[in-house]
């Protein structure tokens, strides 16, 4: 059995000091969302096998704030290819994963909403700070396809 965990970064400023989307930082609401997520992960003793995070500032800050409440046992791998990744790019990334267990991806919309919708066959809009776990009755990440996942967990901070 495989489990894919997906988190959209917490609420951000619409603009950055540099003018670059990549450099957008969290708003106070986003910091509070991330802390709420950290509490949720701590209560549920959440420890994925692999943790991948977009290299954008807002995703890095989200996981940094989460880690102040709940520290993950494994190292976070920051990946450029997850920045604003499309459904197709996210699927390509997932399909190359090896081993059983769980993978956690921290990314951006529209890609993460499209991914959850595609994998579950149910339209889902992932708002900022929302976490979703999808299980698959499969033993290979390469076999994941449309509508063969089931939502096991969903958390969206207030």
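The values are calculated or read from the model by the stated rules, or taken from the named source; none is laboratory data. Please read all numbers here as calculations on a predicted model, not as lab measurements. FYI the Cβ positions are ideal-geometry reconstructions off the backbone, even for glycines, and counts take in every protein chain you see.
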Open item on the list: Tell me the residue from 124, 112, 116, 151 that is modelled with pLDDT under 95 and on the phi < 0 side of the Ramachandran plot, please.
Closed with: 124
Open item on the list: I want to confirm something. Restricting to region 149-158 and keeping residues that are touching a helix residue (DSSP H, G or I) at 6+ places or on another chain (Cβ under 7 Å) and outside any strand (DSSP E or B), which single residue is farthest from residue 27 (Cα to Cα)?
Closed with: 149
Task: Filtered residues of region 42-62 (kept if in a helix (DSSP H, G or I) and either at pLDDT below 95 or touching a strand residue (DSSP E or B) at 6+ places or on another chain (Cβ under 8 Å) (or both)) - done: 58, 59, 60, 61, 62
Open item on the list: Let me confirm something: among 119, 115, 87, which residue is under 23 Å from residue 12 (Cα atoms) and either touching a strand residue (DSSP E or B) at 6+ places or on another chain (Cβ under 8 Å) or buried (at least 19 other Cβ atoms within 10 Å of the Cβ) (or both)?
Closed with: 115
Open item on the list: Given the criterion in a loop (DSSP other than H, G, I, E, B) and either touching a residue at least 24 places away in the same chain (Cβ under 8 Å) or within 15 Å of the chain's Cα centre (by Cα) (or both), identify the matching residue among 138, 115, 119.
Closed with: 138
Open item on the list: I'm told residue 129 meets every condition in (1) assigned to a loop (DSSP other than H, G, I, E, B); (2) without any contact (Cβ under 8 Å) to a residue 12 or more places away in the chain; (3) surrounded by 14 or more Cβ atoms within 10 Å (Cβ to Cβ) except one. Can you identify the failing condition by its number?
Closed with: (2)
Task: Meets criteria (under 16 Å from the mean Cα position of the chain (by Cα) and closer than 24 Å to residue 32 by Cβ) for residue 102 - done: no
Open item on the list: Of the residues 81, 65, only one is within 22 Å of residue 127 (Cβ to Cβ), in a helix (DSSP H, G or I) and in contact with a helix residue (DSSP H, G or I) (Cβ under 7 Å, 6 or more places away or on another chain); which?
Closed with: 65
